[in-house]
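The values are calculated or read from the model by the stated rules, or taken from the named source; none is laboratory data. Here the structure is a predicted model, which is why all the values come from computation and not from measurement. Cβ placement follows ideal geometry from the backbone for every residue including glycine, while neighbour counts extend to all protein chains displayed.
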Amino acid sequence: MKKNIGGMTAKEFFKLMQGRTARNAAKMDARINKVCGAELTVVSCDSSGFSRKTIEHGIIEFMDNMVKCHAALEKIVSRHGGITLSDKADNLMLIFDEPVKAAACAINMHRWLKKRNRGLPEHKKYNICVGIHHGGLLRFADDAYGPAVNVAFKLGEDVAGKDELLVTGQVNEVIKKKFRTDYAKHVSIGGATFDVYKVKYR
């Protein structure tokens, strides 16, 4: 499995794209794939209840909870051998070498939040929706783009519900002997279809 760690920044990549032409495309694409092409597991974590909580309690109150929780969650990611590649807005994008570590990390993140939320008023609770997919992408030093990213984000942001951990069929095939999973649904993402499974962790 190819595990490039990002030989250029996203900014350098976009600057490089300015000079891509029909004449040099093949050569340039080969260079980019050699330096940045990778096959990795992507975990997308999206907060639950962002719009409602910010309207009812204000953005500063929500961000206070989010920043403190993300700091703790990123420590869990590090312990499981993952990398927090992005923490934009109320999302976390994580990458792992393989699905088992990614699923174990996501389970522990959910469990930590459940323990942390116990006894707190509703507006102080923080919950996430998580999606995991494994596949090809361009891995930059500070970001990642590609099908694996798109599918994971679609699962985490649009398909998974509060406190849910959803994985694609590709991921399920790897983790099903270690974790309890149930078939959830069939979804279409970017014109491709995916079987989605729910990881049971409670």
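Brief remarks follow.
- The number of residues in region 44-78 being of a type in the set (Lys, Arg) and within 16 Å of Leu113 (Cα to Cα) comes to 2.
- Subset of region 31-49 [among the polar types (S, T, N, Q) and surrounded by fewer than 20 Cβ atoms within 10 Å (Cβ to Cβ)]: Asn33, Ser48
- Flag for Lys11 being under 28 Å from Val167 (Cα atoms), in a helix (DSSP H, G or I) and at pLDDT below 95: no
- The residues in region 152-179 that are free of Cβ contacts under 8 Å to residues at least 24 places away in the same chain and either of a type in the set (Ser, Thr, Tyr) or surrounded by 11 or more Cβ atoms within 10 Å (Cβ to Cβ) (or both) can be counted, and the count is 3.
- Restricting the search to helices (runs of 4 or more DSSP H) fully inside region 87-194 and requiring at least 1 residues that are of a type in the set (S, T, N, Q) and under 16 Å from Glu74 (Cα atoms) gives 99-117.
- Any hit, region 182-193, residues being farther than 26 Å from Lys125 by Cα, among the aliphatic types (A, V, I, L, M) and at pLDDT below 95: yes
- Some residue of region 68-90 being small (Gly, Ala, Ser), under 17 Å from Gly156 (Cβ atoms) and at pLDDT 95 or above: yes
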